[in-house]
Amino acid sequence: MEHPGLTPMVKIEVVVDASDVDFVERLLAGEGVSGWTAMPGISGFGHHGRSEGRLLFNERTGPTMLVAVLAPEHLEGVVEGLRVFFSDHHGVLFVSDVSVSRPDYFRS
Amino acid sequence: MRSLQRARLASWGLLAAASAAVAGVWLGGSFAVSAGTVRWSGTSATLGVTVDAVSAALLLFVSVVGLLVASFAERYLDGESTADRLGLPLVGTLLGTALVLTAASLPVLLVGWVAAGLALCSAVGHRGDPTARSVASRTRRILLAGDALLALAVVVLAVRGADLDRASLTETAQGLDPVTAAAVAALIVAAGLVRSAQVPFHRWLPETAAAATPVSALLHAGLVNGAGILAVLLWPLLVAAPGVLAVTAVVGAVTVVVAGLQMRARPDVKGRLACSTSAQMGWMTLQVGLGVPAAALVHIIGHGLFKATLFLGSGSAVEPFLAHRDQPVASGESGRHTAVVGLGVGLMAGALTVVAVASEVVPWHGPSTVLLLGAAAVTSVVLAVQALTADRALQTGRRVFLAAGSLLALAGYLLVVGAVDRSLSTTVPALDWPDVLGVDLGLLVTVLVFALLVTGVTLDAAARRGRLLRLRVWALRAALPPRTARNRTPFWRTRRGVLPADHATEQVTPALRAGVRARANAAAELFVPTWGLDSFVATNPLGGLVHLPVDEALRHAARLRGTRPYASPEILRRALATTSVPGADPGDRVPAAVASTSALAQLVDDETTVFLAAWSDRGEAPWGAFGAEVGPWVAWRRTLGPGADRALGARGLSERVLALPDRADEALAIVAERLGLSADEQVEYFAQSLGRVAGWTSQLARQGEHATRDDVLELLALRSALVEALVAADPSRGQEVIDRGPDDASTSSSAPSDPAAVEAAGLLAALTHARREPLLRHLRAAAEEQAAGAVPASPRPDVDVVMCIDVRSELLRRELESVGAGRIRTLGFAGFFGVPLRHVRLDAADGSAQCPVLLAPRNDVSEEVDDPARRARVIADRRSQATRSDAWHTAETGQLSPFALAEVSGPFLAAAALARTLAPGRGRWAPTPSRPGQSGAGSLEAGFSEDERVYLAEAALRTMGMVDDFARLVVLTGHTSTTVNNPFAAGYDCGACGGNGGSVNARVLADFLTSATVRARLVERGLVIPADTVFAAALHDTTRDTVTLMPTRGAVLDPRLVSRFESDLAVATAVVARRRSSSLPGSPPDPALAHRHVARRALDWAQVRPEWGLAGNHAFVAGPRALTSGMDLSGRVFLHSYRHESDPEGAALEVILTAPLVVAQWINAQYLATTVDPDGFGSGSKTVHNVVGRLGVMAGARGDLRPALPRQAVLVDDETARHEPLPLLAVVHAPTERVDSIVGRHGMLQDLCGNGWVTLVVIDPGDATMRQYVGPGRWAMIEHGSEDASGALAPVSAA
């Protein structure tokens, strides 16, 4: 749905293990994504049972969610990189259409 | 070892003989011993020795170096199976050199000369491994070629009927026609130039870093002085050919410049020292060429002593990096101020030199005197200016004191050189320069040499400012020759040109590059990040393979990296012999790892590792890191050009690589396509490529953490592009591209089939059972007592001692509990005491992260000194020390300053080195520990909010189950170690503190728990600490067996309690010292000497095993101490305190299983893998280590980074292991459901426990039943008597 004065963009939400965050961030940066938000220590339930959130003395395990808004032309590389990545790693990727008021803010 | 003992005794004998010779010459002048004279066709030679002042002085020098090296080697090579092969070559080198120095005639000298060279080559190759053998062989070839020139000179003289006695050389020289004289002089000089590694024969020397450190010390101190020794001994023959000497001077000056420039690019300490030796020898050659053999004599002795000390101490090369981090930030003077100071000091030094010459303190030899003394003046000016201007914050008095010292040293140098020169002037004929085209040849040579040196200074200055990229690249690549003949292509025969490919026609879509990036990531994940030597913490070398069972992971690594796939059956058999389990019959030995040695792969590996070392340098190379601001792909491409094409033997290679995109992922995508790698093949190929440089891959993975740049991806692009371009240049190399290494039955991923592997598996199972069964049996019995309520409640103890879970703590805990029975209780907790912090010293810019690498430090803790006067003094002392070391470094790495520096400082350095070698750990000569215990100068200022203090204090207490029943005194005991000259010092420190000492963390937590506010807040949270409970911190030194109590702000300790506790500590640490000492090789049999022995051993710079560290670790127990206190665990078990009843929700247990257990598993896996293959997974023998970039080590002159334990950390000798390669047994005293729930929430734990990396056993507190984890939600009951010899545990029923 088009909104007047807004520009269509794509939002991705990626949930991966904390040890894999570096890869996802480098992929996003390499494909021209201008920024993202990381939420470490999230918890949940899925194919591999319950996942616990933040640990007191270990910041390198547990699920992390990364959220990014990017221009549609940057999506191809991100999706292909994550598709190959998910062939042997746990995690999920959600892609959705969003609109933003400041498109330049999301372009590198 | 007897062989090295004999070498040491022989050195003492030589020293006695040399001393007698010096005394004899002093009292009665020269003397000779002859066995007769050989006459042949008009020529004659005396078979005997003759000793004059020069030979006596040199003999004394050689014997001192020999004694230093032999004494050092005896302890340094302890446990090396090849050490016995070294004694004879060492003695041979010394006696050969002694014969050269005292030969009565040239034939005798020649015999000594050749013998010394051959013996030294045997010493270089004594380890017998392929690298050592091939380096020794190449060195032998080039040295023999030089020897042939010397032999030819002798033959020419003999044919001419000359008298070959040294005593008659002046007459012999006068009797030669000019052509013969020139030919003989040229042959002698050429022989000397080869042995002194002068241009163009200089490249053999850096390669010899493959030899053990003491051998390098002997080589660089003694044998390499050949040109100077020949010149001093045969001076009459040389002085008869001034033209030859003129050329000699120019060659020396060229070497000073060339080797000096190469030295400045070297990021490895031994490579830098080797290039520095070539340059120093260049200076000596220059002194000879300019007709001043007296100066050369001073240089031989001064530099020899200097360089021997630096080589023997090369293990401390990482210390400047640590020192720089901890020192107050220096603020230098402005450039203008520095120039004014430089002018003033320069005038003073110049005036001093002029006065020395004018007053004839130093004899005048023409313009060359100006040049040689000028360099000495430059040295003192560099030192003085550096002292005066490096740090504006240092008091003027201290600065002037340091500067005055350097001018005094100059004055002393002038006196010594003058005295030697005058004493030789009566026996050494002066050089009489002829005129050339009406100009004095000496003046011409001096001017030419001066011009060359100025060129060197100018090039150096430009390179230091980041210019002259090509020069830097050349200096990096040219220092070492290619290893294989195929890669040794002369530049005029470089392979035919390759055309640059037009990548514009090769479309790289975002999907293509992102796919390659993901596949590169899959390959990179097989290599775990590793830390530098400054914070050397354990990691699992197989950490990328924990999704596989342990044995499969080992086989997979074998295929990928060429490592051994299983432990040596011999080692396992010997270990098993120490248990009550009968051993198996002897079987085949494990095959050595077969690493691929294709010429293409070696060329790519050498290019990669040389570049990466320079790129990631942290201060070793005087020119600094190369292109560190960009990734390796981008930085490496800057090094390409015609020079790279020549070095790599492929014309057009650079153009082809430079035509690739700047983006590493796009370049890699194109190259993978050109190499014909399908998507499926890419991961395998990438992993193989990274596996050849696994050490660097792991290091880059660490360095690049949290950065958006992917350095491992860039490394892959670099290696793959290089391979592709080399194949394009020579398609016949295409078959070498996919180089899968060994792929036989022993390394395939399927079950092993070779008999040795099967035998090793059987032995390992038996050994595992033998070690685990008694522990489990005891734990079960203790748990049954607890469950039955048979353990009486103990009264409140006087002291609770909380120590790190580190296995070394158990020994001390046991002894403390024994000596203080009923009064002292002990607990185990992670050694960072739950406080992740960064410790910053007074006024320092940076600090050390004091927490496990699983965490990032959240707060800074600053060192503080409350007394302002003391604070100022501490800072001034540190600034002085920093200024001294900076000034030294500047002078040592300058273009002209290193020469006089070596001559002046050599004797002092060697005196200290001799003292610390002959009387290790004693007196004021003992070296300063690498990492002083971090006690700091005073109090600590912790930057934590009150909420954080309460939170961290509560978390620490609850995690270790310390929630009630506090003792009157609680001592939080961090640990550290004391070692010297040890690149792996951090590996002995507290891993939970990031490879640092743990006192700061202990003090911070003690401060928190002393605070009344924190205590009040803890009461609100249900934690009541009695008012009379006092917290204190302490530091346990695991190498010296000492425990030091440290101040806690606001805590008032009961003096009687403390006094009694300190008495208990003294008794307990003495017992521990006895136990540890008896397990260390070379320790005294008398137990009464144990404590003193371990203390001295810690400060012994020749000691490669200051302690055993965590060797032997095999189990982890989380539970109350009562479970384990009845059993002597011999310092092999990690003990974490845990009380299940105070942790109903399992929060504390989750912390324990996801952090301390994980770290313990890393440690266990690192020791396991190192024992399986000390050279493949470990860093090999310490004796050949070469610290590179102040970051890690490599073996010898080149090769991969070795970020892992040395073999001396796990092996007593090649067939006896101190560590046994058993995976970790983890025993948890908690309800099974609680543990199951935690494991179920963490895939990491499921991998570790499901694949045999950790055998997880739960003892249920309710009924003392034991269960072993077999998979998610599945546990197997372990019943009494179910264990059998085939494995540790035999589950009989599923629960």
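The values are calculated or read from the model by the stated rules, or taken from the named source; none is laboratory data. This is a predicted model, so every value here is computed, not measured. Note that we place each Cβ from the backbone using ideal geometry, even for glycine, and neighbour counts take in every protein chain shown. SASA here: full protein model, heavy atoms, side chains in, ligands and nucleic acids out. Shrake-Rupley method; radii C 1.70, N 1.55, O 1.52, S 1.80 Å.
A Förster radius of 35 Å combined with the Cβ-Cβ distance from B:VAL1024 to B:GLU864 puts the calculated FRET efficiency at roughly 0.65. With the whole protein complex present, B:ILE188 retains an accessible surface near 10 Å², based on a 1.4 Å probe.
Going 7 Å from the Cα of B:GLN881 toward and past its Cβ, which residues in segment B:327-350 have a backbone nitrogen under 15 Å from where you end up? Residues B:327-330 fall inside that zone.
Sorting the segments B:23-35, B:827-839 by their mean number of nearby beta carbons within 10 angstrom, highest to lowest, gives B:827-839, B:23-35. Extending 7 Å from Cα along the Cβ direction at B:ASP177 and again at B:SER818 yields two label points whose distance is 8.8 nm. Volume per residue for segment B:63-190 equals 98 cubic angstrom (convex hull of Cα atoms). Think of it as helices only: each DSSP H run of n ≥ 4 in chain B is worth -39500 (n - 2.57), and spread over all residues that comes to -17500 deg cm²/dmol at 222 nm.
Of the solvent-accessible surface of the protein assembly as shown, computed with a 1.4 Å probe and all protein chains present, 59% belongs to carbon and sulfur. Ordered by solvent-accessible area of protein heavy atoms (1.4 Å probe), largest first, the residues B:TRP623, A:TRP36, B:TRP40 come out as B:TRP40, A:TRP36, B:TRP623. Stokes-Einstein, applied to the Kirkwood radius of segment B:943-999 over Cα pairs at a viscosity of 0.692 mPa s and 37 °C, places its translational diffusion at 238 µm² s⁻¹.
Could you quote the convex hull projected area for segment B:972-1103, Cα atoms only and averaged over all directions, in nm²?
So the mean shadow area of the Cα hull is 9.6 nm².
Scaled against the 2.2 N^0.38 Å expected of a compact globular protein of N residues, the Cα radius of gyration of segment B:127-210 reads 1.38.
Short to long, the 20 Å bins of the Cα pair-distance histogram for chain B hold 10, 36, 35, 16, 3, 0 percent of all pairs. Counting only alpha carbon atoms, the long axis of helix B:755-787 and the longest principal axis of chain B meet at about 40°.
Remark on B:GLY332: its backbone amide H falls under 5 Å from those of B:ARG392, a criterion applied only to residues 5 or more positions apart or on other chains, H modelled at 1.01 Å from N. When the surface is traced with a 1.4 Å probe over the full set of protein chains, B:LEU88 keeps roughly 140 Å² accessible.
How charged is the neighbourhood of B:THR578? Take every other residue with its Cβ under 13 Å from the Cβ of B:THR578, and add Lys/Arg as +1 and Asp/Glu as -1. Present the calculation step by step, with values, prior to reporting the outcome.
Working: positive: B:ARG573, B:ARG574, B:ARG771, B:ARG1132, B:ARG1218; negative: B:GLU1220.
Result for the neighbourhood of B:THR578: +4.
Compare each residue of segment A:59-84 in its chain alone against the assembly with all protein chains, and report those whose accessible area goes down by 10 Å² or more; 1.4 Å probe, heavy atoms. Buried by 10 Å² or more upon assembly, which counts only protein chains, are A:GLU59, A:ARG60, A:THR61, A:GLU76, A:GLY77, A:GLU80, A:GLY81, A:VAL84.
Per residue and in Å³, how big is the convex hull formed by the alpha-carbon atoms of segment B:180-289?
In segment B:180-289, the Cα convex hull volume per residue is 75 Å³.
Ordered by 1.4 Å accessible area with all protein chains kept, A:LYS11, B:LYS307 run largest first as A:LYS11, B:LYS307.
With only Cα atoms counted, segment B:1207-1252 has Rg and Dmax values of 16.2, 45 Å. Across peptide A:23-29, the average count of Cβ atoms from other chains found within 10 Å of a residue's Cβ is 5.
Please give the average number of partner chain Cβ atoms lying within 10 Å of the Cβ of each residue in B:254-263, rounded to a whole number. If you can, show how the numbers build up before the last one.
Working: counts 0, 0, 0, 0, 0, 0, 0, 0, 0, 0.
Mean shielding count: 0.
Measuring with a 1.4 angstrom probe and ignoring ligands and nucleic acids, B:SER885 comes out at about 60 Å² accessible.
Take each residue in B:1149-1160, count the other chain C-beta atoms within 10 Å of its C-beta, and the mean is 3. As a ratio to 2.2 N^0.38 Å, the alpha-carbon radius of gyration for the protein assembly as shown is 0.98. Between the C-alpha center of segment B:880-910 and that of segment B:791-849 there is a gap of 43 Å. Here, P(r) means the percent of Cα pairs in each 10 Å bin from 0 to the largest distance; for segment B:1027-1178 it is 9, 25, 34, 25, 6, 1. Count Lys and Arg as plus one, Asp and Glu as minus one, and take only other residues whose Cβ is under 11 Å from that of B:ARG464; the net charge is then +3. On the beta carbon distance between B:GLU673 and B:ARG2, with R0 = 60 Å, the FRET formula returns roughly 0.45. Once the chain from B:VAL630 to B:ARG160 is taken as fully extended at 0.36 nm per residue, the excess over their C-alpha distance is 162.7 nm. How many percent of all Cα-Cα pairs in segment B:967-1011 sit more than 15 Å apart? It works out to 49 percent of all Cα pairs. Reported to the nearest whole Å, the Cα centre-to-centre distance from segment B:1043-1079 to segment B:637-680 is 62.
For chain A, what does -39500 (n - 2.57) per DSSP helix run (n ≥ 4), summed and divided by total residues, give at 222 nm, in deg cm²/dmol to the nearest 500?
Values: 2 runs with 22 residues, N = 108.
Roughly -6000 deg cm²/dmol at 222 nm, from the helical runs in chain A.
Against the criterion of solvent-accessible heavy-atom surface with a 1.4 angstrom probe, B:VAL100, B:VAL114 sort, most first, into B:VAL114, B:VAL100.
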